[in-house]
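For reference, the structure discussed in these notes is given below.
Nothing in this text is a laboratory measurement; each read-out follows from the coordinates by a stated rule. Remember, predicted model here, so these are calculated numbers, not experimental data. Methodologically, a virtual Cβ is constructed for each residue, glycine included, from the backbone with ideal geometry; neighbour enumeration extends over all protein chains shown.
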Amino acid sequence: MRAAVAGLLALAIGAPAQAQAQAQDRLPRDVFDVIPPNERVAGGRGEMRVVQSGCRVGPTDWARRRIVDVAVQEWAAFGFQTIDARPIEAGRLPDGIVPDAANPRRDQPRQARHIVRIGRQERDEAARADVAGYWSATPDGSDILRRQNRLWSETRAPIDWGQPWSAAFVSWVMCEAGLGEMDQFARDISHRVYIDQAIRARDGEIRGAAYRAFDAGEQPVQPGDLLCNARGSSSYRSLAERREEIGAFAPTHCDIVVRVDEVAGLFHLIGGNVMDSVSLTILPGTKDGDGPLRPLAETDLAGARTMFAHLQLQAPAIEANALDAAPTIQAMSRR
């Protein structure tokens with residue numbers, strides 16, 4: 001298993017790989033019981049509709065491993081696209097990365113974005129059906145499909161989804177993982193809805209929520225947790241800043257933690273609609289004294305993506321290298 005994972009991650013940073021990264025078929029349901037997202041919808045471009053919107057319901061404390069396993073299978077199905085966000089060593093910029101003369105901290109290593117583009121993007125016909133299936137897990141999924149069908153009907157040209165689908169991806173993973181009750185996880189087309197649910201759970205305002213919100217570095221990050229950052233017009237750096245605007249619109253993004261490497265100081269995250277695909281991001285971490293490993297922030301390194309929220313799943317911990325043990329990776333290692 002470790003050889004398969006190591007080969008994939010080596011490919012992501014340009015080192016010789018032992019495994020060929022290519023889109024993998026999802027495992028049969030008698031091996032790993034997940035309803036493929038494309039089976040939750042019917043119809044082609046311009047005629048897609050939701051046929052399955054139900055979710056699995058189970059206790060929160062059983063969900064952690066399944067969240068990781070479902071996310072890893074989708075990463076594989078989309079072809080293992082990987083983004084390496086580790087900082088570049090000073091004076092050793094890789095091909096295609098140039099120094100930023102306008103960067104006031106140009107004397108320090110800059111945040112890198114090496115992207116391995118392999119597999120399927122959302123314009124691919126199969127990927128389009130999978131993304132539609134992700135929408136099915138959200139209350140507004142049918143409305144999103146109707147709007148998208150109108151866009152497709154207006155042109156024969158390739159066209160991406162008009163609505164960002166990263167929150168739909170997370171919602172579908174939680175749906176298939178067993179967090180099917182909205183009181184457990186507020187599935188939505190916007191990340192801010194379930195972020196706010198986790199904040200309210202942390203503040204004791206609601207009961208039964210699967211996640212509680214913390215600032216990055218407050219609690220150890222574990223596979224199955226979520227790390228969230230602000231986007232666009234929002235610039236949150238802490239939960240306190242979001243609390244002041246709780247319930248209001250804000251562009252945000254969350255990824256699912258699938259591996260924590262304390263020795264290397266790295267987090268491995270899987271998210272949807274990242275470079276038009278389901279992608280894995282290798283995110284650098286740091287520690288404040290004896291505190292837990294936390295994601296590197298803009299205050300640590302110019303260009304770093306600040307995670308203003310760590311959503312901690314209220315479930316027993318699993319091994320830190322849970323990515324390696326996912327059924328999809330196990331199946332690859334046996335080939």
Highest-MSF residue in the chain out of ALA167, ALA137, ALA129 [GNM, Cα springs under 10 Å]: ALA129
Gained length - GLU154 relative to GLN22, 0.36 nm times residue gap less alpha-carbon distance: 44.2 nm
Lys, Arg +1 and Asp, Glu -1 on Cβ, resulting dipole of the chain about Cα centre, debye, nearest 20: 520 debye
Cα pair distances in the chain, grouped into 10 Å bins until the bin that holds the longest one, percent each: 6, 26, 35, 25, 8, 0
Order of PHE214, PHE78 under a 10 Å beta carbon neighbour criterion, fewest first: PHE214, PHE78
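Among 291-297, 71-77, what's the highest-first ranking by average C-beta atoms within 10 angstrom per residue? The partial results should precede the final answer.
On the way: 291-297: 19.6, 71-77: 26.7.
Ranked by mean Cβ neighbours within 10 Å, highest first: 71-77, 291-297.
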Of TYR236, TYR194, TYR211, the one that fluctuates the most in a GNM where the chain has Cα springs shorter than 10 Å: TYR236
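Report the antiparallel proportion of the DSSP beta bridges in the chain as a percent, rounded to a multiple of 5. List each step's numbers first, then the result.
Working: 34 of 38 bridges.
Bridges in the chain that DSSP calls antiparallel: roughly 90 percent.
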Integer Hz, Karplus 6.51/-1.76/1.60 couplings in order for the range 41-46, x for Gly and Pro: 10, 9, x, x, 3, x
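Count charges around THR138 for me, please; just the other residues with Cβ under 12 Å from its Cβ, Lys/Arg as +1, Asp/Glu as -1. Could the numbers behind the result be given before it?
Values: positive: ARG40, ARG187; negative: ASP140, ASP143, ASP188.
Local net charge: -1.
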Those trypsin sites (Lys or Arg not before Pro) in the range 140-172 that DSSP places in a loop and that have at most 15 other beta carbons within 10 Å: ARG156
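Can you bin the range 124-259 into rounded, prolate or oblate? Criterion: square roots of the alpha carbon gyration tensor eigenvalues sorted a ≥ b ≥ c, rounded for a/c under 1.5, prolate for a/b above b/c, oblate for the rest.
Working: a/c = 2.04, a/b = 1.75, b/c = 1.17.
Because a/c hits 1.5 or more and a/b exceeds b/c, the range 124-259 counts as prolate.
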Fluctuation leader among ASP255, ASP276, ASP30 - the chain, Gaussian network, Cα springs under 10 angstrom: ASP30
Other-chain or far-sequence residues with amide H under 5 Å of THR286's (modelled H): ARG294, LEU296
